[in-house]
Amino acid sequence: MKNIYLVGFMGSGKSTVGRLLAEKLNMRFVDIDKEVEKSKGMSIREIFQKFGEDYFRNLEKEKLREFLRRSGFIVSTGGGLGADIDIMNLMREDGKVIWIRADIQTILDRCKDDTKRPLLKLPKDKLLELFKKREKVYSLAHITVDSDKKTPIQVFQEIVEKI
Ligand code: S3P
């Protein structure tokens with residue numbers, strides 16, 4: 001079974017939905033953020049603080065590329081990784097890409113107490129700008145599923161119907 005890649009903005013539910021999909025489809029789940037943290041022995045917040053965002057971006061791309069050569073994985077990508085056009089093209093060629101979409105307000109509500117994601121410190125207008133820019137790339141996914149006002153189980157069920 002070819003890999004399935006989950007893309008979407010922070011807080012769209014990629015990891016929760018990804019775990020459910022992996023169980024249902026008898027595939028292995030991998031979260032690229034967690035793989036990066038494991039390989040560095042540091043949290044994403046610490047990586048950003050110590051080495052900067054560009055360094056983190058390279059690490060996540062490197063990690064993703066390792067999974068392009070494998071199969072049978074549900075791959076949850078960070079919000080910035082899935083918005084990289086080159087990475088999107090590679091994932092599209094390799095397997096199936098699913099965009100879990102959510103409105104910016106849903107994202108802000110879901111992430112309001114989050115302290116782990118450095119980009120959430122951006123002013124709201126900048127975050128909205130980033131959100132709009134990223135949606136253009138996410139929309140290249142093979143399948144789009146809306147997650148507004150839905151539980152992760154509902155999103156998961158919808159994906160199962162669509163794939
Ligand atoms: C980021 C999203 C995060 C993580 C990092 C940067 C982004 O992943 O990769 O904090 O640029 O949107 P999630 O989308 O899983 O929160």
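Within the stretch 53-96, which residues are within 15 Å of the chain's Cα centre (by Cα), basic (Lys, Arg) and more than 13 Å from the ligand (Cβ to nearest atom)?
Selection gives Arg65, Arg92, Lys96.
Among the numbered criteria (1) under 22 Å from Cys111 (Cβ atoms); (2) outside any helix (DSSP H, G or I); (3) in contact (Cβ under 8 Å) with a residue 60 or more places away in the chain, which single criterion is violated by Phe29?
(3)
For the stretch 8-21, does any single residue satisfy the condition of being among the small types (Gly, Ala, Ser), out of contact with any strand residue (DSSP E or B) (no Cβ under 7 Å at 6 or more places or on another chain) and without any contact (Cβ under 8 Å) to a residue 60 or more places away in the chain?
Within the stretch 8-21, none of the residues are among the small types (Gly, Ala, Ser), out of contact with any strand residue (DSSP E or B) (no Cβ under 7 Å at 6 or more places or on another chain) and without any contact (Cβ under 8 Å) to a residue 60 or more places away in the chain.
Restricting attention to the stretch 24-50, which residues are acidic (Asp, Glu) and either within 16 Å of Thr151 (Cβ to Cβ) or in contact with a Ser or Thr (Cβ under 9 Å, 6 or more places away or on another chain) (or both)?
Within the stretch 24-50, the first condition is being acidic (Asp, Glu), and the residues that meet it are 31, 33, 35, 37, 46.
If the condition is that a residue be acidic (Asp, Glu) and either within 16 Å of Thr151 (Cβ to Cβ) or in contact with a Ser or Thr (Cβ under 9 Å, 6 or more places away or on another chain) (or both), then Asp31, Asp33, Glu37 are the ones that fit.
We did not get these values from a lab; they are worked out from the coordinates using the rules stated. All figures in this text were calculated on a predicted structure; none of them were measured in a lab. So basically every Cβ, Gly included, is an ideal-geometry build from the backbone, and we count neighbours across all protein chains shown.
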